[in-house]
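Below is one structure, written out as structure tokens; the observations come after it.
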Amino acid sequence: MPVLFTVAKHPSNQVTPQGPFTAEDLLARACPDQYATASVVLGSSFSQAPTSTNIFPTPNGFVTTIISAYNTHHNLVIRPDDVWINILTQFNFYVNANAELLRANFVAHDGKKELRIFTRDKREAMDFADLSRQMVGKLEENIIDPTLRAWVLPSFSTTMLKDKTVGAIVMMSALKAYFQYVFESSICGIPRVTLAGKKSDWEDILQRLEKLKEYGIETIAWYHLLVPVIKRFVRAFDNPNSADNIDFWSKVADFVSNGSGHNYYAGWISAFCVFDPEGKWIANSLLPESTNVDPPESLSASAFWDAYAVPLHPGDSLVLDGTCFHVVETLNIPFGYVHVPVKLVDQEAADPEWPCVMVAGVVGMVVSSSDDGKMDTVQPATGWWIFRKRDEK
């Protein structure tokens with residue numbers, strides 16, 4: 001059963017609806033850099049008709065939704081899928097920035113290996129969601145770690161087919177330095193928070209975080225930022241109205257302005273903003289080396305930060321379980337989506353090969369009604385698109 005608790009005593013505020021939006025409108029507003037390269041949207045989890053009136057497109061739907069709920073007094077719903085897809089998106093940035101360094105963790109081949117999925121449908125009728133999920137099956141056959149697919153794909157009590165598709169596209173994007181993906185047509189064949197799902201779903205995320213220790217110092221540091229946050233998500237199911245839980249949810253993202261144009265958020269939301277889209281570490285500054293002789297993955301949070309982090313001033317930061325949380329500048333909130341090139345092939349067409357791009361992630365904020373009928377509740381929105389790239393001239 002979901003857990004619901006009251007954080008602040010003030011009433012929730014209604015959200016003014018926007019739209020209506022088509023799938024293309026949402027892509028343009030949520031992922032403007034990718035929209036600029038798009039010729040035509042071929043598919044999406046969003047409707048092609050202008051019917052989406054309760055979606056607020058934004059480049060990072062997870063972070064923006066929580067900040068909006070916190071600062072403008074909306075009820076908040078968070079699913080395990082929203083959190084996990086955000087974590088995967090950040091992991092994708094890291095892997096792609098360190099593709100050659102991490103190659104041996106994922107594949108045994110050099111360069112890019114082509115993976116091809118065949119379908120009887122023509123390009124205009126292809127089920128791109130199903131093709132993406134099939135492609136992850138192909139990936140599983142061609143990577144070193146047989147547990148990676150199960151680790152990546154969401155499988156919580158709240159998981160919908162759309163979330164599995166988003167997870168599949170994120171996995172494709174994370175490994176795009178090692179593979180070329182082809183789909184081919186072939187006649188051959190926060191006033192109130194609701195943590196959705198079960199406690200076991202959130203415990204599942206907590207367990208999945210252990211794998212982050214396998215990929216280097218930066219992901220170990222990220223592990224120590226995420227664990228105290230997700231642990232408190234789990235504890236909320238046992239005592240949602242405790243003072244500790246209310247205090248935790250009161251420290252999401254305090255807006256701070258220093259008067260010189262550098263505005264930032266201070267709070268635990270920064271655990272979900274540690275890599276920029278280029279995979280650069282933007283969290284607590286880490287030392288290039290340490291004199292500690294113990295394996296970094298074996299250290300407690302306090303011992304790890306003492307050994308590998310540039311000292312912070314705890315008075316300036318939120319501290320949870322020995323971890324100081326960095327601040328995030330408003331202009332530096334990373335995207336909540338990934339993009340991956342896919343070649344679309346139809347041998348019977350006049351132009352048999354289309355260069356396409358798939359985009360997926362947490363790309364908006366869904367507005368819904370609470371029990372009193374007000375449109376005052378928000379939650380992150382996951383989604384995906386595929387589009388044909390414009391001809392480069």
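The values are calculated or read from the model by the stated rules, or taken from the named source; none is laboratory data. Just so we're clear, the structure is a prediction, and the values are computed from it rather than from any experiment. Quick reminder, even Gly has a Cβ in these numbers, built from the backbone with ideal geometry, and neighbours come from all protein chains shown.
Comparison of VAL310, VAL338, VAL319 shows that the only residue that is among the aliphatic types (A, V, I, L, M) and crowded, with 20+ Cβ neighbours inside 10 Å is VAL338.
If you check ALA23, ALA8, ALA49, ALA69 for being crowded, with 21+ Cβ neighbours inside 10 Å, more than 21 Å from SER132 (Cα to Cα) and touching a Ser or Thr at 6+ places or on another chain (Cβ under 9 Å), only one passes: ALA69. All of (1) modelled with pLDDT of 95 or more; (2) surrounded by fewer than 17 Cβ atoms within 10 Å (Cβ to Cβ) hold for ALA28 with one exception: (2). Of the helices (runs of 4 or more DSSP H) lying entirely inside the stretch 125-197, those carrying at least 2 residues that are at pLDDT below 95 are 128-142.
Taking the listed residues SER173, SER186, the one that is closer than 23 Å to VAL345 by Cβ and surrounded by 23 or more Cβ atoms within 10 Å (Cβ to Cβ) is SER173, with no other qualifying.
When the stretch 194-208 is filtered for residues that are among the β-branched types (Val, Ile, Thr) and within 18 Å of the chain's Cα centre (by Cα), only ILE205 remains. Against the numbered list (1) of a type outside the set (Asp, Glu); (2) at pLDDT 95 or above; (3) touching a helix residue (DSSP H, G or I) at 6+ places or on another chain (Cβ under 6 Å), ILE117 comes up short only at (2). Among residues of the stretch 184-210 that are farther than 14 Å from PHE233 by Cα and charged (D, E, K, R), those with a beta-carbon under 6 Å from a residue that is surrounded by fewer than 19 Cβ atoms within 10 Å (Cβ to Cβ) and modelled with pLDDT of 95 or more at least six positions away or on a different chain give the pairs GLU184/VAL345; ARG208/TRP151.
The strands (runs of 3 or more DSSP E) found wholly in the stretch 279-393 include none carrying at least 3 residues that are among the hydroxyl-bearing types (Ser, Thr, Tyr). Of the candidates ASP204, ASP247, the single residue that is charged (D, E, K, R), modelled with pLDDT under 95, out of contact with any Cys (no Cβ under 7 Å at 6 or more places or on another chain) and in a helix (DSSP H, G or I) is ASP247. Taking the criterion of being out of contact with any helix residue (DSSP H, G or I) (no Cβ under 6 Å at 6 or more places or on another chain) and assigned to a helix (DSSP H, G or I), the residues of the stretch 90-101 that qualify are GLN90, PHE91, PHE93, TYR94, ASN96, ALA97, ALA99, GLU100, LEU101. Across the stretch 366-393, the qualifying residues are those that are at pLDDT 95 or above and in contact with a helix residue (DSSP H, G or I) (Cβ under 6 Å, 6 or more places away or on another chain), and the one among them that is farthest from THR65 (Cα to Cα) is ILE386.
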